[in-house]
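Asker: Mind having a look at this structure? Questions to follow.
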């Protein structure tokens with residue numbers, strides 16, 4: 001999952017070297033925290049949050065094979 005989010009984010013931004021994804025696991029939940037350069041926040045979130053929703057939907061689909069809930073948090 002971590003690699004999927006990282007590849008998606010790097011393909012969207014102008015500063016791919018600034019993209020980092022950290023993974024935290026709690027009980028039955030995996031939290032993926034995506035951090036990008038402040039200049040690239042708009043590109044990752046998109047108009048009305050559409051790109052962020054799409055990233056979350058893709059991760060949710062990829063996580064459907066596991067029994068864990070996956071949450072994607074976006075920050076800078």
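Asker: How far is helix 2-12 tilted off the main Cα axis of the chain, in degrees rounded to 10, range 0 to 90?
Answerer: With rounding to tens, the tilt is 20 degrees.
Asker: In region 1-29, whose amide N lies under 17 Å from the spot 7 Å out along Cα-to-Cβ of residue 69? List them in ranges.
Answerer: 24-29
Asker: Output the peptides 65-73, 36-44, 20-28 sorted from most to least packed, where packing is the average of other Cβ atoms within 10 Å over each peptide's residues.
Answerer: Descending mean neighbour count gives 36-44, 65-73, 20-28.
Asker: Can you bin region 2-75 into rounded, prolate or oblate? Criterion: square roots of the alpha carbon gyration tensor eigenvalues sorted a ≥ b ≥ c, rounded for a/c under 1.5, prolate for a/b above b/c, oblate for the rest.
Answerer: Note, shape of region 2-75 comes out prolate.
Asker: Next question, about the same structure. Using a simple spin-label model with points 7 Å from Cα along the Cα→Cβ vector, what separation in nm is obtained for residue 2 and residue 18?
Answerer: About 2.2 nm, to one decimal.
Asker: Right, another one. With contacts defined as alpha carbon pairs under 8 Å and 6 or more residues apart, what's the relative contact order of the chain in percent?
Answerer: The value is 34 percent.
Asker: Still on this structure, please answer the following. Expressed as an acute angle from 0 to 90° and rounded to the nearest 10, what is the orientation of the C-alpha long axis of helix 50-63 relative to the principal long axis of the chain?
Answerer: Helix 50-63 sits at roughly 30 degrees to that axis.
Readers should treat all values here as calculations from the given coordinates under stated rules, not as data from a laboratory. Keep in mind that this is a model prediction, so the values were computed, not measured. All Cβ positions, even for glycine, are placed from backbone atoms using ideal geometry, and neighbour counts span all protein chains on display.
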